[in-house]
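The values are calculated or read from the model by the stated rules, or taken from the named source; none is laboratory data. Treat the numbers as computed from the prediction; the structure is a model and nothing was measured. Quick reminder, even Gly has a Cβ in these numbers, built from the backbone with ideal geometry, and neighbours come from all protein chains shown. In case anyone asks, the SASA skips ligands and DNA or RNA and just uses the protein heavy atoms, side chains included. Shrake-Rupley method; radii C 1.70, N 1.55, O 1.52, S 1.80 Å.
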Number of protein chains: 2
Amino acid sequence: VKNTIFLLSCCFILNIHCINAQNSIKQWDRFEIVLKHNPTSNPFTNDSISAVFKNGDNCKKVRGFYDGYGTYKIRFMPDETGTWTYVTGSNRPDMDKKEGSFTCVSPSSENHGPVKVINQYHFGYSDGKPYYPFGTTVYSFIHQNDDQAAVAIAQLQKSPFNKLRFCVMPQFQDFARLDIEHFPFEQLNKPASIRKDTILWNFDCFNPGFFSNLERRIESLEKLGVEADIILFHPYDEHKWGFDNMSHETDILYLKYIVARLASYHNVWWSLANEYDFLKYKKAADWASYIKVVAQEDPYGHLCSIHNAKVYYENTNSALTHASIQNGDLVDGFGKAVILRDAYKKPVIYDEVCYEGDIKYRWGNLTAQEMTYRFWQGMIAGTYVGHGETYIGKDSVLHLIYGRQLRGQSPQRIKFLRTIVESTGPWEQVDHFWGVDNLAAAANGDYIIYFGKEKIKKWQFFISRDSKIPDGTKFEVEIIDTWNMTVTPVKGVFVTKLKDGRIVDVDNKSVKLPKKPYLALRLKKIK
Amino acid sequence: VKNTIFLLSCCFILNIHCINAQNSIKQWDRFEIVLKHNPTSNPFTNDSISAVFKNGDNCKKVRGFYDGYGTYKIRFMPDETGTWTYVTGSNRPDMDKKEGSFTCVSPSSENHGPVKVINQYHFGYSDGKPYYPFGTTVYSFIHQNDDQAAVAIAQLQKSPFNKLRFCVMPQFQDFARLDIEHFPFEQLNKPASIRKDTILWNFDCFNPGFFSNLERRIESLEKLGVEADIILFHPYDEHKWGFDNMSHETDILYLKYIVARLASYHNVWWSLANEYDFLKYKKAADWASYIKVVAQEDPYGHLCSIHNAKVYYENTNSALTHASIQNGDLVDGFGKAVILRDAYKKPVIYDEVCYEGDIKYRWGNLTAQEMTYRFWQGMIAGTYVGHGETYIGKDSVLHLIYGRQLRGQSPQRIKFLRTIVESTGPWEQVDHFWGVDNLAAAANGDYIIYFGKEKIKKWQFFISRDSKIPDGTKFEVEIIDTWNMTVTPVKGVFVTKLKDGRIVDVDNKSVKLPKKPYLALRLKKIK
C-alpha cells in the first residue's frame, strides 16, 4: 500500500527530461523551473533538487520539491530586477546542473513585495509602502471546497482585514466539519467512520493535490492584497488525524517541503503554530529546531512567529520576526499591551484577544464594543491586534472556522481605525513609565488620546512631557467617536507650554466631550 | 607614580612562603588560604593564583587575589559538609601546588546559605528556609565612615528589609557627598578641588583597603541576615571619577577581582549595574561579556541580575537568575506586574518603583500609601518590590544614599505585608488571562484578594475558576487593612461551588467591607 501516490503519479511521465521556465517575470512574482524525471524510489524522501540563483552579488539557494506525476519544481521569488542566472543541483543526474537565466522587471503596481519589520516595532512592504496588520482568523479556510472558499474570499474582500491566519493541517474539533477533500499525506485506508476509526497515513509521501489547493487559496489572498499567516502546526487534532504527533523527522520533512513550495509567494508569513504549548507531544527543543529549519529553508526571510496558549514562547529568539500573542487581558485596559513589546524589543501582534461572538465559551463571546476597544488598546500601545468572529448563526458555521458570513459589528469600526492609522503613520505609546498610558504619538506628528470606557465631560489639554513637544507647538483637535465612527473638529487652536512638568495649553484651554464611552482625540499638529 | 600601591604593600613581606588556613569551618562560612609572595611586578595583572577544592564528586575551582603587602588570598565557601581537600595553582612556583584539607561541619543556626531561585519564580535559602525579598536601596552605603555606617546598620536592623542594594563605585551626583575615604583603584594625584579637577587612577592597581572596607560592610549585613545586592557598575559618575568609562580590559580585571574577593560571602548577590542603559560608554556586547565573566568566575551561582533605566535588559539571558526591573508603572494598577514574569519565565523583582519621599524629582515623591500599594501590587502578581526613601530632611542626607534615618511610613506596612507572606508562603496570581488580576493563591492553600484603591462596601464571594478549587472547599475570611495594619476575622464559613463558570459560596454569602482604600481579604483554607 505504501508509496501509492508517487507510483500512481509516475504514469504520465514524459520520456524527455526538460526544463520549463519563464524568460521574464516581474519582481516579487514567482519564477518556476519545471523538471521531469522518472522516480525510481520515493521521490519525496530520496530525490533532492535545488537551484542557486544569482544576480550580481545577490545569491540565493532554493530547495525544489516533487509535485507528483514525475514533475519536480523549483520556485523562486526575485527580490531585485535585472538578469538572474541559475543552475540546478540534484542527486539525479538528469536534473543536475541545468542552467538558465531570466530577466526580472519592475513589479506590478499591485505587488509591493513581502512585508518586513520596519522601525523595530512596525511593518512595511518591501517597496516601502506602509503596512499595518489588521488580521482576522479563519482556521479552516483551505479545508472547504472552492464554492465555499469563494464565499469566504468575497467576505474578506468587503472587510478591513489585510492578514488571514489559517491552518495547513485540518482541524478535528467543535465547529469543524470532517468531510475534508484534501489531506497533506497519502491516505492508506478508507475507514467506515471518520469520527470513530483511525485513518492511516504514509508520512513519507505528501499529497501534491493538497498543496496545490493550498496554493490556490494563497493566490486568492494575494489578489486581495491579504497576507497569508500560515499556521504550520496546531493542537486541534485530538490525535485523530495524528498531524499533531508526527515523528520529528516527518515534521522536518514537512517543513522543508512546505517552505520549498510556498516561500516564493510574496504574501506568505510563517506561523509555526497556533497555541504551540497545547501541542502536548512537542518539546521546547522541537520548536527551537522547527523555527531554525523554517528560517534556514526560507531564502527571503518571510515574517515568522509562533502563537501561544497559556505560556508565551521565548519570543526573543532571533529567528522570530515578531511576537504573535494570545492574551485578551493585555489589551483590556491601559498600560499592559506595551509591556511585552518592551520585553521582546520587536513588533507584537495580539493575534488572539478572544472573539466577537455569542458562543458559550468565554473566549468566544466578546461584544463588538469590546473587540473594537481591544483594537484601540493595542494600537495606542504601538502594537497590533487580530480579529476573529464566533457568532453561531443558524448553521453553526463560525466565521472563525470557515470565514463565510461576517455578522459582527466590529469590522466596520476596525476599518474606521485602520483609515485613521493609515492617515497618521504608526503609533507609539509616549510614556512607558509614569502612568500616562492612553497617549500615542503618530509618525506624522499628531497625537492620539484614547479614553476607552471612561465617560468624561471635559478634557483639560495635557500631554505627557515624555513627548518632548517644544513650547509653542500648535494643534487642532478632533473628537473621534470610535464606536459611532464620527470625527468632530473642535474650534480653536491649542498651543503648548511646559508648566510644572506637564505640557499644557498656554491659555489653559480644555475640550468639551459628550460623556460617552469609546471616545478618542486626535491632536493634529499644525505645520 | 605607577604601581605605588603594590610597591608600598611589599614592605612588610615575610621571608617565608607560608599557607595560613583554618582546619575546620562551618558550612557556608568562609575558608581562607593566605599565601605570602614577594611580587616582582604588578601582582594584580601579572600574578595568577587559584585553588581547586574537592569533596567527593563536588569540585570547584576558585580564583584568588592579591590583597596588598605581599599577601595573596584564596577564599572558598564550602556548600557541603565533610572533608575538603585543595591544591593551589599559580604562575609563581612558591605559591603553586600547595595542598591542604579542612573539615566542613554543619552550618551555624544563623547561616542558611546563599539565596537561590526556587519554584521558578521565588526564592529560598540553600538550606530550604523560605526567603522573600523585601529590599531597600542605599547607594552609598559603603562610601561613608564607620560611625555613619553604624547608624545606617542600626536603621536597617529596625526595618523590615532583608536585602540591600548598594554601589561598589562611589557616586558623583546630587545628594552624594564627595569626601570619600576609599577608592577602588590606586590614586595617582591629589587635586586641589575634587569637584573641578580630574583625579587620575592607576587602573592596573586595585586598592585593597577599599575592598576590605566593602567586605566589612557585607559582613555587617550578614550579621543582620540581610542580603547584599551589590551594584557592580552605575552611571552616576558624570565621567568625574571615570569608573563608568574604564576600558573593557579594566572592567574585566575588576569583575574578576571583586568576584574572587566576594563570592565566598554567602549573602552576596551580583547586580551587574544600576540603570545599565544609562551607562552610555558601554555597549550590548560589553554587558553580555560582563554577565558571562561573573557567571564563570563565581563557582557558587550567586543570584545575578542587571537593573534597567528605560530599556529592559534581555532578561532571558540564562546567566541572569532573575529580572531586576525599574518601572513603577508596572506595580501601579492591576494586571501589569505579572506580564514581565510571564515573558522572562523567571523571578521578577521590581527593585525600583520610585521612592517614598518629598524631593522635587518625580521619581522621589511617592506617598507612603502609594509605596505600600506598589508592594502589594507586586506581591499579588507573584513578584517582589523594592523600597527606597527620599525624604530630604534638614540635613539633605537621603536614606536612599546613606541609609541613616528612616522617616517614612511605608516600612512598617511593608513589615506587616512581610509577616503575612511569611505565614502563607509565596503568592501566585491565579488568572493571567481573564481579567481577575487582584487574586493570588498562596502556597499554603489560602487566597488573597487585594482591592487597592477601590473603596467597596461589599464583596460578593467569588474566586476565579482558574484557581481550580474543588466544590465544597471551606474558607474563613479575614479583612486585612493594609494601611492601618489590622486583621479582622469575618464570622462564618464560606463553602465553594462552581456555578456558571465562577467559584462562589454555596449560600451566595458576601462580606461587608468598610468602604476604605487599601483593603485585602485573606481566605483561609480550613483543612
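Taking only the Cα atoms of segment B:218-371, the ratio Rg/Rh comes out at 0.97, with Rh defined as the Kirkwood radius. Computed over neighbours whose Cβ is under 10 Å from that of residue A:344, the net charge equals 0, Lys and Arg +1, Asp and Glu -1. Placing a pseudo-label 7 Å from each Cα along the Cα-to-Cβ vector at residue B:59 and residue A:54 gives an inter-label distance of 5.2 nm. Positive end of the charge dipole of chain B (Lys, Arg +1 and Asp, Glu -1 on Cβ, about the Cα centre): tell me which of B:31, B:331, B:493 has its Cα farthest that way. Value computed over the given set: B:493. Each Lys or Arg adds one and each Asp or Glu takes one away; over the other residues whose Cβ falls under 12 Å from the Cβ of residue A:503, this sums to 0. All distinct Cα pairs of segment A:21-82 go into the 1/r average, and the inverse of that average, the Kirkwood radius, is 12.7 Å.
Within segment A:489-515, find all residues whose amide N lies under 17 Å from a label point positioned 7 Å from the Cα of residue A:458 along Cα-to-beta-carbon. Correct set: A:491, A:504-515. For residue B:38 and residue B:212 in one chain, what is 0.36 nm times their gap in residues minus the Cα-Cα distance, to one decimal in nm? Additional length available on full extension: 60.6 nm.
Given 0.36 nm per residue, what is the gain on full extension from residue B:85 to residue B:158 after removing their alpha carbon distance, in nm? It would help to have the intermediate numbers written out before the result.
Values: separation 73, 0.36 × 73 = 26.28 nm, distance 4.11 nm.
Length gained between residue B:85 and residue B:158: 22.2 nm.
Restricting the trypsin sites (Lys or Arg not before Pro) of segment B:424-524 to loop positions (DSSP other than H, G, I, E, B) with no more than 16 neighbouring Cβ atoms within 10 Å leaves B:453, B:455, B:457, B:468, B:491, B:509, B:515. If you model segment B:287-355 as an ellipsoid using its alpha carbon gyration tensor, with each semi-axis the square root of five times an eigenvalue, the axes come out at 24, 12, 10 Å, biggest first. Counting Cα-Cα pairs of segment A:315-379 in 5 Å increments starting at 0 gives whole-percent bin shares of 4, 18, 27, 21, 14, 10, 5, 1. Per residue, the Cα convex hull of segment B:336-489 amounts to 138 Å³.
Once you have the Kirkwood Rh of segment A:346-395 from its Cα pairs, apply Stokes-Einstein at 25 °C and 0.890 mPa s and quote D in µm²/s. Estimated via Stokes-Einstein, D reaches 218 µm²/s.
The label-point distance for residue A:278 and residue A:444, in a model that sets each label 7 Å from Cα toward Cβ, rounds to 4.0 nm.
Farthest toward the positive end of the dipole of the protein assembly as shown, out of A:151, A:250, B:311, is the Cα of A:151, where the dipole comes from beta carbon charges about the Cα centre. Computed from the Cβ-Cβ distance with R0 of 41 Å, the FRET efficiency linking residue B:516 to residue A:474 stands at 0.35. For a Förster distance of 25 Å, can you work out the FRET efficiency between the beta-carbons of residue A:286 and residue B:345, rounded to the nearest 0.05? About 0.90, to the nearest 0.05.
Residues of segment B:82-126 falling in the label zone of residue B:23, defined by backbone nitrogen less than 11 Å from a point 7 Å along Cα to beta-carbon, are B:103. Where q = 0.19, 0.20, 0.22 Å⁻¹, what log10 of I(q)/I(0) comes from the Debye formula for segment B:58-141, counting one point per Cα? Evaluating at q = 0.19, 0.20, 0.22 Å⁻¹ gives log10 I(q)/I(0) of -1.01, -1.04, -1.10.
Averaged across B:329-336, how many Cβ atoms of other chains sit within 10 Å of each residue's Cβ atom? Don't skip to the answer; put the middle values down first.
Working: counts 10, 6, 0, 4, 6, 2, 7, 8.
Partner Cβ neighbours, averaged per residue: 5.
For the protein assembly as shown, the direction-averaged projected area of the alpha-carbon convex hull comes to 50.8 nm². For the pair residue B:189 and residue B:487 in one chain, pulling the backbone fully straight at 0.36 nm per residue adds 101.2 nm over the alpha carbon distance. Please work out the FRET efficiency for the pair residue A:151 and residue A:106, using the Cβ-Cβ distance as r and a Förster radius of 41 Å; give the result to the nearest 0.05. For R0 = 41 Å, the calculated efficiency reads 0.70. Taking the chain by itself as reference, segment A:408-441 contains these residues with an accessible-area loss of 50 Å² or more in the full protein complex (1.4 Å probe, heavy atoms): A:433, A:434. Only Cα sites of segment B:81-124 enter the Debye sum here, all with the same form factor; the resulting log10 I(q)/I(0) across q = 0.26 1/Å is -0.89, listed in q order. Ranked by the mean number of other Cβ atoms within 10 Å of their residues, highest first, the peptides B:20-29, B:44-53, A:342-351 fall in the order A:342-351, B:44-53, B:20-29. Computed with a 1.4 Å probe over protein heavy atoms only, the accessible area of residue B:431 comes to about 0 Å².
Dipole size of chain B about its Cα centre, with +1 on Lys/Arg Cβ and -1 on Asp/Glu Cβ: approximately 1440 debye, rounded to the nearest 20. According to the Cα-based calculation, Rg over Rh for segment A:396-452 is 1.16, with Rh computed by the Kirkwood formula.
What are the semi-axes of the equivalent ellipsoid of segment A:451-514, taken as the square roots of 5 times the eigenvalues of the Cα gyration tensor, listed largest first and rounded to whole Å?
Computed over segment A:451-514, the values are 23, 13, 11 Å.
Among the GluC sites (Glu not before Pro) in segment B:435-524, those placed in a DSSP loop whose Cβ has at most 15 other Cβ atoms within 10 Å are B:454.
Here segment A:26-44 and segment A:343-363 have alpha carbon centers that stand 39 Å from each other. Other residues whose C-beta falls under 10 angstrom from the C-beta of residue A:455 contribute a net charge of +3, scoring Lys and Arg +1 and Asp and Glu -1. Here the dipole of segment A:239-347 is about 60 debye; that uses its Cα centre as origin and unit charges on the Cβ of Lys and Arg (positive) and Asp and Glu (negative). Calculated over chain B, the projected area of the Cα convex hull averaged across directions stands at 26.3 nm².
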